C-alpha cells in the first residue's frame, strides 16, 4: 500500500487547487454542457451518412444505431520522424481491436509533427514551440465533427504529445488514451556521440566522422534513446495515467508492443459513456494528475521543456501551475533515474532495469504521488506493474528488481536527494535551471558576460577563441515573442569544451535547451524576455553576472544607479528574419503568445509572465 501523502505534495496540490478554483470550475462547467450536446446518434441523416460513407457494411451498421462507441484516432504519423514511423501500421491494429470490443474506430485526422533533431540550429526550429499550439488546434479540428465517443492519440515527440493533449482537453467530456510507439534499439552510446560532437566543435574531427557518429546513434524506427523531451513525454503520459501501465518504453515492431496497442484500443471503448464506466479526459486530468506529472519529471530528471508544457497542459484543463510549484516539489522529490544527459545510459537500459513501474512504485511508497488519481487502469496502483506476454495473453506483473545501479535507484538510496530543478530570480528576471547533471562545483558561476542576439554569434566567437576564458554566455531575443523560442542545442558542445578546459562557464537565455541540458549550468526561459523589454536588454559585454543554482539567484552585479540608467526595452538586434521557412505565417502566434512561466502559449496569456 502507498504511504500517506507527503506534506509538501499535499500543500502544493492544495495551493494549485485554490489558485485554480474559478478557472477549473468554469472548465468543468463547459465539460458538463458538452457532455449533453447532441453527437453522432442525433446528427441529421445527411451528416451521419457523410460520417460513415467510407466504412465497411458492419461498421456502418454499428454507427447507424448509435450504441456502438465511435473512437476517433488522431495521428501524428509521418516517416520523417523515426519515433512516429511505426504509427503507419497502428490504425490497422486499432480498428479490429475496437471492433472486437463492440465499437468502431476511424482516423479522425492527422496533426503536423516536426523533428527538432532535423531543425536544430536552423530557421525551422523557430516554428517548433508554436507547433505545439498548432497541433492542439489541429486536434480540435479532427474532433470537431462531434461524432466520437472516445479518442486515441498517436504521438511521441517533443511538442506533439503536449499539443495532442491540449487539443483533446478541449473535448474533455470524452475519454482519451495515448498510444506510444517505443524507443529505437540502442546504437552508438550517447556519451560517445557527445564526445564526437565536442571533438568536431574543436576542429579535431571532420564532418564525415561526425555524421557517422550521429547516424550510428539515430539509426532505426523508434524514439531517440536519450532522455530528452520525447521520452519525457512518455514518462509524463504514464505517470498521469494516460498510457496503459508500463507501456512507455516497450520497443516498436514487437509482439508486446502490438498487444499493448490493441489493449489500449479496447480500453478506451470500456471508458466511453455507452459502457457505463466513463472516464472523461477533463475529469481525469485534475490537480492530482498534474502534480503527479511534475513529480515524475523531477524524479526522472526530465526535459526542461516541461516547465513550459505542463503549465500549458494544465491551463487547458482550467488548472493554474506556477514555477514555484516545480521548485517546492523539487526540494523533496529524489532523483531516481540517471539517463543521458543526466547519466551515461539510455531509456532502453532504464526500462530493462525496472523503468517506470519501479519508479512509480518507489514514489508511491514514499507518499510522493497521488495514488488515488484517476487513470486508464482505475488509480495509480496498477502502474507499479510491468506488461509481458504469457503466450498470446497480455499480463502485468511486478517489475524487474533493480539490477542496474548506474541507471535506476530506490528512494532510500537516490542519486540525489532533490529533483535538481531550480527557479532562479534576480535582477535579470526569472528562469529555470536543471542541475541534475551539473557537478556541484559548477552550480555557482560568477563571470563577465558576452552578450549575443543570435546563437550563430556564439559559434563564431568560439571559433575565434574569444570564449576561451571564464564567461557567462548570454543569448537573448530567443523568447516566444521574438522568434518562437527555439532550442539552442548547438551551443552545448562549444560551451562544454570551454568548461572542460578548466574555465567557469554558464549560459543565460530567454530561449530553450530541453534534453540537451547537461553539465553546463544554463538559466533558461528567462522571463520577461528581451523582446518584451526584459532585463537582458540592459546587459553589456563585460558586465559581471552571478548564476547561483544553490541559492536560486540570477543577478547582474552592476551598480544600482548604472543599472537603472540603462534603457530597458527592445534594442536593434540580430534576431532572425521574420520571413522564410514558413516563419511569416506564424507572426500571429508571436503577437499573441504569453510568457514562459505561463507556458509560452497562444491560448493563455498571463500579465507579467
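The values are calculated or read from the model by the stated rules, or taken from the named source; none is laboratory data. In this text the structure is predicted, and so the values were computed from the model without any measurement. Note that we place each Cβ from the backbone using ideal geometry, even for glycine, and neighbour counts take in every protein chain shown.
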*Tell me which residues, restricted to the stretch 266-280, are under 15 Å from residue 94 (Cβ atoms) and over 26 Å from the mean Cα position of the chain (by Cα).*
266, 269, 270, 272
*Can you name the residue in the stretch 464-477 that is in contact (Cβ under 8 Å) with a residue 60 or more places away in the chain and touching a helix residue (DSSP H, G or I) at 6+ places or on another chain (Cβ under 9 Å) and is also nearest to residue 523 (Cα to Cα) among such residues?*
474
*Is there a residue being modelled with pLDDT under 90 and surrounded by fewer than 19 Cβ atoms within 10 Å (Cβ to Cβ) anywhere in the stretch 2-24?*
yes
*residue 179 passes all but one of (1) on the phi < 0 side of the Ramachandran plot; (2) surrounded by fewer than 19 Cβ atoms within 10 Å (Cβ to Cβ); which number fails?*
(2)
*asked:* I'm trying to understand the selection: among the residues of the stretch 372-381, which are touching a helix residue (DSSP H, G or I) at 6+ places or on another chain (Cβ under 9 Å) and surrounded by fewer than 19 Cβ atoms within 10 Å (Cβ to Cβ)?
replied: 372, 377, 381
*Evaluate the following for residue 110: is it farther than 19 Å from residue 487 by Cβ and in contact with a helix residue (DSSP H, G or I) (Cβ under 7 Å, 6 or more places away or on another chain)?*
no
*Return the pairs, sorted by first residue and then second, in which the second residue is assigned to a loop (DSSP other than H, G, I, E, B), the first residue lies in the stretch 187-207 and is closer than 25 Å to residue 465 by Cβ, the beta carbons are less than 6 Å apart, and the residues are 6+ apart or on different chains.*
199/205
_From 129, 154, 134, 165, residue being buried (at least 24 other Cβ atoms within 10 Å of the Cβ), over 23 Å from residue 271 (Cβ atoms), in the same structural domain as residue 31 (by TED's automatic domain parsing) and touching a residue at least 12 places away in the same chain (Cβ under 8 Å)_ = 129
*Could you say whether any residue in the stretch 472-481 is closer than 20 Å to residue 301 by Cα, touching a strand residue (DSSP E or B) at 6+ places or on another chain (Cβ under 7 Å) and part of a strand (DSSP E or B)?*
no
*For residue 388, indicate whether it is within 30 Å of residue 266 (Cβ to Cβ), touching a residue at least 60 places away in the same chain (Cβ under 8 Å) and crowded, with 22+ Cβ neighbours inside 10 Å.*
no
*Before we move on, is residue 447 outside the structural domain of residue 341 (by TED's automatic domain parsing), surrounded by 24 or more Cβ atoms within 10 Å (Cβ to Cβ) and modelled with pLDDT of 95 or more?*
no
*Restricting to the stretch 96-124, what's the tally of residues that are more than 23 Å from residue 165 (Cβ to Cβ), modelled with pLDDT of 95 or more and outside any strand (DSSP E or B)?*
5
*Among the residues listed as 439, 461, 409, the single one being touching a strand residue (DSSP E or B) at 6+ places or on another chain (Cβ under 8 Å) and in the same structural domain as residue 556 (by TED's automatic domain parsing)*: 461
*Residues (assigned to a helix (DSSP H, G or I) and surrounded by fewer than 12 Cβ atoms within 10 Å (Cβ to Cβ)) located in the stretch 33-64*: 33, 42, 45, 46, 57, 58
